[in-house]
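Enquirer: Once you've had a glance at the structure underneath, I'll fire off some questions.
Nothing in this text is a laboratory measurement; each read-out follows from the coordinates by a stated rule. Everything quoted here is computed from the prediction, not taken from an experiment. For neighbour counting, all protein chains shown are included, and Cβ atoms are generated from backbone atoms with ideal geometry for every residue, glycine included.
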Amino acid sequence: MQAPSAPLPLQRIAQDRFGFLWLSAADGLQRYDGYGFMKVPDGQSANSVGFIIGQSLASDRAGRLWIGADDSLNRYDPATGSFTQYRSPNEACGTVRIAHDIVEDQDGVIWLATDDGLTALDPATSKTSCHRPRYTPGVGETRVIAMAAVPDGTLWVTSSDGLYVLDRRSGKVTRHIKLETASGRKFVSTGFPSRPFQDSSGKLWFGLSAGGDLASVDVASGEVTVYEFRNGGLAPNASSGVVSIQEDHDRALWLGTNKLGLVKLTPDRKQAIWYQSNPDDPDGLRDDLVIGLFRDRDGRFWSTTRAGGVYRFDTERPRFRSYRHQQAVPQSLGKGAVTAAYAEDPDTLWIGTDRGLNRVDRTTDQVTQIDQPAFARGVSAITKDSAGHLWFGTNGNGVVRFDPGSGGYTNFANDPSNPRSLNHNRVAALRVDRGGSLWVGTDFGLSRWEPATQDFSTFRPQPKGLVQYRSIAEDASGVLWLATSSRGVHRFDPRSGTFKVFDAELRAAQPPGHNRVNSVHVDRSGTVWAATFRGLGKLDPRNATFTSYASRSGLAADTVIGILEEDDGRLWLSTPNGLSRFDPHAETFTNYHASDGLLTDRFANPVVAAQSSGGEMFFGSQKGLVAFFPGQVVAREPALPVFLTDFRLFGEPVLPGSAPLQQPIWSAASLELEPRSIVSFDFAALNYVDPVRTRYRYRLEGLEEKWNETDSARRSATYTMLPTGNYTFRVQARGARGDWNGSELKIRVPPPWYATWYFRLLVAALLLTALWLAYRLRVRQLHRRFEIALYARLGERARIARDLHDTLLQTYQASLLWFRTAIDALPERPIEAKQRLELALDRAEAAIVEGRDTVRGLRASTVEVNDLAEAIAAIGADLTNAHPAADAPVIGVAVDGPSRHLNPLAREEACRIAGEALRNSFRHAGARHITVTLHYGVRQFRLTVADDGKGIEAATIEGQEPASHFGLPGMRERAAIIGGQLDVRSAHGRGTEVELRVPGRKAYDAATHTRHWWDAFRRERAPAENSDR
């Protein structure tokens, strides 16, 4: 792992409670999540302190980070995202500037090593106290370097004048240890950024810059032991410059030095092993100036170099052992790609490369390169026969037999003139069968070694042609199975000498297989497995069909190179993307990569897959040979912690402390967003070993039901226009061999104010109130209209009664009187009686005519005549015909504007009002001219009846005359029924004008009435009640 910008002088590493790694650098504080760095604080915000130059870094027991800067001490809380800055007080004592080292003691007090001495800071009160040892009597002038808090309550301080012990509570120096021998030889502690370390046994260790390399102190006795590294390539009396110390679980010390890279001091403290930069090792250190070591909570080690590099390494014994060429190590494996391997016994391993043969003594890891001309072109296969001879297949020189007893090598090559010689000099595979026969596979056939005649018998599926055998396996019946490079799998029966070819069957597998077979294996149950260019093929012996497994089934890659079998029947497969462990019963794969300790992920042809008698497996590659025992390889990984690492709103990053994010997104449990927001989340699993192969899945519950799966390159989720509701964002991750683990964030999108429940409740209440008021108003209107109609009917009845009483009944009564006088005249005066009877009959006939006229006036309706003007003219004609012609007034009817259809009720009541006004003019006004005008306006209908009669008294118009016969109250009541208003204008001797005004929206039919928006705001005028009933 490299820092994001180079060079960055990284000083310290710390880990917070969440598991993030934090690094102090020259440009501030950096957070690392396994994928990249993030600078904190990023920009200027309310919770940041701006630009920080990190001199030192430490974490306290609460998980907060303390950063020493040039001008202040800063505390960062990853849980809240807040910075707290402490600056030096005005007094001369207690500076917090440029802290070389930061330590928290058992009481929670923060101790700082500064140029002015030691400063104690109480985080609760922000008060500081100073301890200046260079002015302490008996100690002398001293420059503080670093310190360590010991469980006994003391603080051990390294300085330019040795060690001194400070009682933290009293502030007094209780012990001073000068670093010098009795003879006067002095030792000097390594300066910044060195710091002491207390191991599991209680000993205190610190680096030396002169007089030695490393020193330990017995805390109880104060005895100092000095260690010097030998044979490290240092000049005489030179120091390696140990600046950082850590201890692994085996109690070995790991030292970061300025000159020797990483140094491991064995648990017995008697041997030092150094790991320096190696240009041949791409995964090794790039710089020998290691300035910092850190052990994370998982026990893995991290180192920082002066050049700004950050490296992770595992101090545990590797599960996968490697053999490779190292230019700086003469006794390492020879150059070239590994092409063959064979474990002769637990202590001897033969490794063939494309440049020669190597013999490895596994007790000492010493490699001996075999110098034989036949091996110069490469060794492609190795095996051992029943006689104890080793056989080596070469890449162009046939086979070579090695006799361990005599140490002699015998070469057997192809002789074109001898058909009993080896069929070809390029050997790809060797195998000794159960019967002890040696079989040799080449590009042109299969040869069997004949010990009796010291020659070969050759077998081919066809007399001539290229077959390209690459691997040989044997089943329980002695049948050989052969892998070819282009013709599938061949089955050869040595007893009958016959071949059966499985080519089309491989290509017809589901999913589709391939006829390019790299190797073949027969397991303990007799199942034949083929490692092909397109997955792992399994032969079903019942129907001779293949089943194929590829990356979709969980295989590390679609191409399989080699196959080996465990004792429990599980298969190990080499692929171009690491190793896969396959369980045939469960049909599941477990994959292993370079991050798990493999020398490389890329395994390729030629096939190198060998197994020792003890179960150890060997797989070869271009970079070297990998060896391991399957039982020692961990199958499962611990669950990975998953966190949200960034939050964006409408594409813009949201800093902690700004709405809606009040704290860092990785520590937030809930979030409230505005409706229709566009949000994006970045997430990461803290997998520092193999982050690239981490798989992720996420979903927003409440919006999605299915998981969205993604890889480590796309660790982001975006949701647009989130509607109102409650959601849960879940994200999960799993390593290559782990289980799913995840985290969640509650998200609430509240409704806008107009969609809240209380607003809806208020609207509902207002609506119900308005409906209730409208209902009450309507009931009141109906009640009022009913009363008006009732009073109108009662008034009409009263008027009719008065009319009948004043006219018709009087006539009938007079007729009765004439009949009575006629009866009284009989029989004495018959002529008089007859005259009186005739007069009575005339009166009765007149009463009948008068009654018929009254009834006709009551029954007259505009329903019969829909034209109002025509109806009024008809009433006027009837009145004129019944009136003596000499004094009958002249009636005129005029229409102003185009005629419009009135609604039936308005038409009926207008007609009755006009009739009543005409009758009044005929009977009471003594008028000569009567004019009726109909005005059809858009907004108003107006009816006017004007005469030139004698007029009406004001008291009568106002309804103050109780015996009025003009029917004015009834006319007003009719006007009120249709929502209109009746006005009467008259003066004595100057005529009378009756005017009816009705709003157009009430007078006209709906089809002809034009509505306006302001009509909805007009209040219906309540008609005034008539006091004269």
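Enquirer: Taking 0.36 nm per residue of sequence separation and subtracting the Cα-Cα distance, how much length would be gained by fully extending the chain between Arg300 and Glu316, in nm to one decimal?
Expert: 4.9 nm
Enquirer: A further question follows. Using a basic spin-label model with each label point 7 Å from the Cα along Cα→Cβ, how many nm lie between Ala987 and Asp887?
Expert: Going from the Ala987 label point to the Asp887 one covers 2.5 nm.
Enquirer: For a label point 7 Å from the Cα of Ala387 along Cα→C-beta, name the residues of segment 411-451 whose backbone N is under 19 Å from it.
Expert: 411-414, 420-423, 430-441, 447-451, by backbone N distance to the label point.
Enquirer: I would also like to ask the following. Among all the lysines, which ones have a C-alpha under 25 Å from Lys464's C-alpha, if same-chain residues fewer than 8 places away are not counted?
Expert: Here the lysines satisfying the reach criterion relative to Lys464 are Lys500.
Enquirer: Would you mind computing the Rg to Rh ratio of segment 427-553 from its alpha-carbon coordinates, Kirkwood style for Rh?
Expert: 0.98
Enquirer: Taking only the alpha carbons of the chain, what extent do you get along each of the three principal axes, in Å, biggest first?
Expert: Extents along the principal axes: 194, 101, 43 Å.
Enquirer: Further, regarding this structure: Using alpha carbons only, how many degrees (0 to 90, rounded to 10) separate the axis of helix 809-825 from the longest principal axis of the chain?
Expert: 30 degrees
Enquirer: Give me Thr728, Thr458 ranked fewest to most by other Cβ atoms within 10 Å of their Cβ, as a rough exposure proxy.
Expert: Thr728, Thr458
Enquirer: Full extension from Ser613 to Thr225: what is 0.36 nm times the residue separation minus their Cα-Cα distance, to one decimal in nm?
Expert: Residue separation times 0.36 nm, minus the Cα-Cα distance, leaves 134.9 nm.
Enquirer: Go through segment 584-660 and name the chymotrypsin sites (Phe, Trp or Tyr not before Pro) that are in a DSSP coil and have 14 or fewer other Cβ atoms within 10 Å of their Cβ. Write down the numbers at each step before the final one.
Expert: Details: sites: Phe589, Tyr592, Phe603, Phe618, Phe619, Phe628, Phe643, Phe647, Phe650; in loops: Phe603, Phe650.
Counting only loop positions with at most 14 other Cβ atoms within 10 Å, the chymotrypsin sites (Phe, Trp or Tyr not before Pro) in segment 584-660 are Phe650.
Enquirer: While we're looking at this one, here's another question. Given Lys127/Lys172; Lys203/Lys264; Lys538/Lys623; Lys39/Lys264; Lys186/Lys264, which pairs have Cα atoms separated by over 23 Å?
Expert: Lys538/Lys623; Lys39/Lys264; Lys186/Lys264
Enquirer: With Cβ to Cβ distances under 13 Å as the rule, what net charge do the other residues near Val749 carry (K, R +1; D, E -1)?
Expert: Surrounding charge for Val749 is +1.
Enquirer: Filter the GluC sites (Glu not before Pro) in segment 168-276 to those in DSSP coil with at most 13 other Cβ atoms within 10 Å of their Cβ, and list the result. Walk me through the numbers before you get to the answer.
Expert: On the way: sites: Glu180, Glu223, Glu228, Glu247; in loops: Glu223, Glu228.
Listed in order of number, the matching sites are Glu223.
Enquirer: Calculate, for Leu790 and Arg928, the FRET efficiency according to 1/(1 + (r/R0)^6) with r their C-beta to C-beta distance and R0 51 Å; round to the nearest 0.05. Numbers along the way, then the final one.
Expert: On the way: r = 38 Å, r/R0 = 0.75.
Efficiency at R0 = 51 Å is approximately 0.85.
Enquirer: For Ala146, enumerate residues with amide H under 5 Å from its amide H, sequence gap 5+ or separate chain, H modeled in the peptide plane.
Expert: Thr158
Enquirer: Evaluate E = 1/(1 + (r/R0)^6) for Asp842 and Ile800, where r is the Cβ-Cβ distance and R0 equals 30 Å; express this FRET efficiency to the nearest 0.05.
Expert: On the way: r = 25 Å, r/R0 = 0.83.
Given R0 = 30 Å and the Cβ-Cβ separation, E is 0.75.
Enquirer: Here's something else I'd like to know. Counting each DSSP H run of 4 or more residues in the chain as -39500 (n - 2.57), what helix-only mean residue ellipticity at 222 nm follows after dividing by all residues, to the nearest 500 deg cm²/dmol?
Expert: Calculated at 222 nm, the ellipticity per residue is -5000 deg cm²/dmol.
Enquirer: Using the Karplus curve 6.51 cos²θ - 1.76 cosθ + 1.60 with θ = phi - 60°, what ³J(HN,Hα) values do you get for each residue of segment 186-194, in whole Hz, with x for Gly and Pro?
Expert: Rounded to whole hertz, the list is 9, 10, 10, 5, 5, x, 4, x, 5.
Enquirer: Taking 7 Å along the Cα-to-C-beta vector as the label spot, tell me the Arg780-Arg648 distance in nanometres, rounded to one decimal.
Expert: Rounded to a tenth, the inter-label distance reads 6.3 nm.
Enquirer: Additional query: Quick one: which residues, 5+ away or cross-chain, put their amide H under 5 Å from the amide H of Ala341? H built at 1.01 Å from N.
Expert: Close amide H contacts, sequence-distant or interchain: Gly352, Ile382.
Enquirer: I would also like to ask the following. For segment 406-508, which trypsin sites (Lys or Arg not before Pro) are in a loop by DSSP, counting at most 11 other Cβ atoms within 10 Å?
Expert: Of the trypsin sites (Lys or Arg not before Pro), the ones in loops of segment 406-508 whose Cβ has at most 11 other Cβ atoms within 10 Å are Arg434, Lys464, Arg495.
Enquirer: Related question: Can you give me the Rg/Rh ratio for segment 642-750, using Cα atoms for both radii and the Kirkwood formula for Rh?
Expert: 0.96
Enquirer: Can you give me the long-range amide H partners of Asp16? Hydrogens built in the peptide plane at 1.01 Å from N, cutoff under 5 Å, separation of 5 or more residues or another chain.
Expert: Those qualifying (amide H under 5 Å, at least 5 residues apart or on another chain) are Trp22.
Enquirer: From a point 7 Å beyond the Cα of Glu344 in the direction of its Cβ, which residues of segment 611-648 have a backbone N at a distance under 15 Å?
Expert: Once the point is set 7 Å along Cα→Cβ of Glu344, 613 turn out to lie under 15 Å by backbone N, inside segment 611-648.
Enquirer: Hey, another quick one. What is the packing order of peptides 335-345, 831-841, taking the mean over residues of other C-beta atoms within 10 Å and listing the highest first?
Expert: Listed from highest to lowest mean packing, they are 335-345, 831-841.
Enquirer: Taking 51 Å as R0, compute the FRET efficiency from the Cβ-Cβ separation of Arg434 and Phe18 and round it to 0.05.
Expert: Values: r = 59 Å, r/R0 = 1.16.
For R0 = 51 Å, the calculated efficiency reads 0.30.
Enquirer: Lys/Arg Cβ at +1, Asp/Glu Cβ at -1, dipole of the chain taken about the Cα centre: which of Ile98, Trp772, Tyr1004 is farthest positive-ward?
Expert: Ranked along the dipole, the leading option is Tyr1004.
Enquirer: Another question, if that's okay. Only Lys, Arg, Asp and Glu count, each charged at its Cβ (+1, +1, -1, -1), so figure out the dipole size of the chain about its Cα centre, rounded to 20 debye.
Expert: Dipole size: approximately 760 debye.
Enquirer: Just the Cα atoms of segment 179-319: what Rg and Dmax do they give in Å?
Expert: Spelled out, the Cα radius of gyration and Dmax of segment 179-319 are 14.8, 49 Å.
Enquirer: Note down the nm distance, to one decimal, between modelled labels 7 Å out along Cα→Cβ at Lys178 and at Thr880.
Expert: The two pseudo-label positions are separated by 15.2 nm.
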